[in-house]
1. State the Kirkwood hydrodynamic radius of the stretch 68-185 in Å, one decimal place, computed from all pairs of distinct Cα atoms.
2. Which value results when the Cα radius of gyration for the stretch 200-339 is divided by 2.2 N^0.38 Å?
3. When only alpha-carbon atoms are used, what values of Rg and Dmax, in angstrom, describe the chain?
4. Taking the Cα atoms only, what angle lies between the long axis of helix 222-237 and the longest principal axis of the chain, rounded to 10 degrees?
5. Can you sort 157, 258 so the residue with the fewest Cβ neighbours within 10 Å comes first?
6. Roughly how tilted is helix 109-122, in degrees to the nearest 10 and between 0 and 90, from the longest Cα axis of the chain?
7. Where does helix 172-181 land angle-wise versus the long Cα axis of the chain, in degrees 0 to 90, nearest 10?
8. Which residues does a label at residue 254 reach in the stretch 120-147, if reach means a backbone N under 13 Å from a point 7 Å past the Cα toward the Cβ?
């Protein structure tokens with residue numbers, strides 16, 4: 001048995017020399033020192049050894065275990081150090097290599113357009129206000145002088161949550177909320193998302209964005225409205241842009257008008273872009289209907305005002321020459337990278 005113990009130690013120490021990983025090291029430990037290992041199997045035969053020889057063999061068995069365990073620990077330390085060094089080498093950064101440029105973030109074309117609109121009107125003294133996207137019929141229709149029989153109030157035109165609650169169809173509702181809380185003079189714009197039951201095509205979407213504007217004070221004239229919107233058109237599309245006002249009808253303004261700009265493609269001569277008309281519609285506007293002012297408790301004999309509204313998608317399409325509104329929502333990087 002003494003020879004067997006010496007042979008076991010030599011075999012274990014020799015096996016440890018060739019171990020190249022911690023997993024293989026654990027296998028060697030189980031092979032020689034485990035519960036079913038070679039040393040345990042050898043010690044089971046201790047009962048057949050004469051009693052006077054057992055102390056010397058027991059001592060030799062302990063020395064063998066200790067030698068193998070020490071070699072195991074030494075090899076484990078060496079393998080761990082090698083693994084750490086390899087990991088550090090793999091993670092090393094060569095600071096002399098050229099860096100990789102990070103592309104700066106940029107705003108979505110709709111965000112850029114909205115910011116530009118707000119900047120222009122802020123420069124003319126307008127304050128940006130916001131309101132909820134879920135509205136009652138009072139704020140969305142009734143207070144804006146939109147009659148009950150108006151098509152916009154039908155289920156097939158608007159997204160109703162209940163009989164009296166719906167997703168707002170225009171941000172004009174924010175104007176009503178603002179007038180309820182403040183006394184004139186008021187000069188605000190209300191950008192935001194709106195919803196209508198429109199079929200999605202090149203020029204329509206069920207979800208889009210608007211900016212509504214409102215000015216209420218004493219002695220406001222239609223000429224003031226024309227001046228503000230003419231300045232806006234020039235700052236939005238260039239100083240040389242030509243604009244015009246056409247009579248129109250809106251329930252919440254009287255008189256009302258639509259504002260066009262001369263087609264930048266054909267300069268008014270007519271082309272496919274403007275439908276041969278020479279003009280492109282930009283927004284709607286008018287003097288605030290007296291009933292709207294009365295609905296919020298204003299003295300209509302003293303105060304009047306004007307309002308206007310524009311679609312952000314439409315302005316972005318005109319400004320950047322985009323021919324399909326769906327491009328704004330598809331997240332195609334080939335499209336977005338151009339802005």
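Derivation of every value follows stated rules applied to the coordinates shown; laboratory data play no part. Just so it is clear, the structure is predicted and the values come from calculations on it, not from any experiment. Quick reminder, even Gly has a Cβ in these numbers, built from the backbone with ideal geometry, and neighbours come from all protein chains shown.
1. On the way: mean 1/r = 0.0473 Å⁻¹.
Taking every pair of different Cα atoms in the stretch 68-185, averaging 1/r and inverting gives 21.1 Å.
2. Working: Rg = 17.2 Å, N = 140, 2.2 N^0.38 = 14.4 Å.
Normalised Cα radius of gyration, the stretch 200-339: 1.19.
3. 41.1, 126
4. That works out to roughly 40 degrees.
5. Numbers: 157 14, 258 18.
In increasing order of surrounding Cβ atoms, one gets 157, 258.
6. Once rounded, one gets 50 degrees.
7. It works out to around 80 degrees.
8. 145-147
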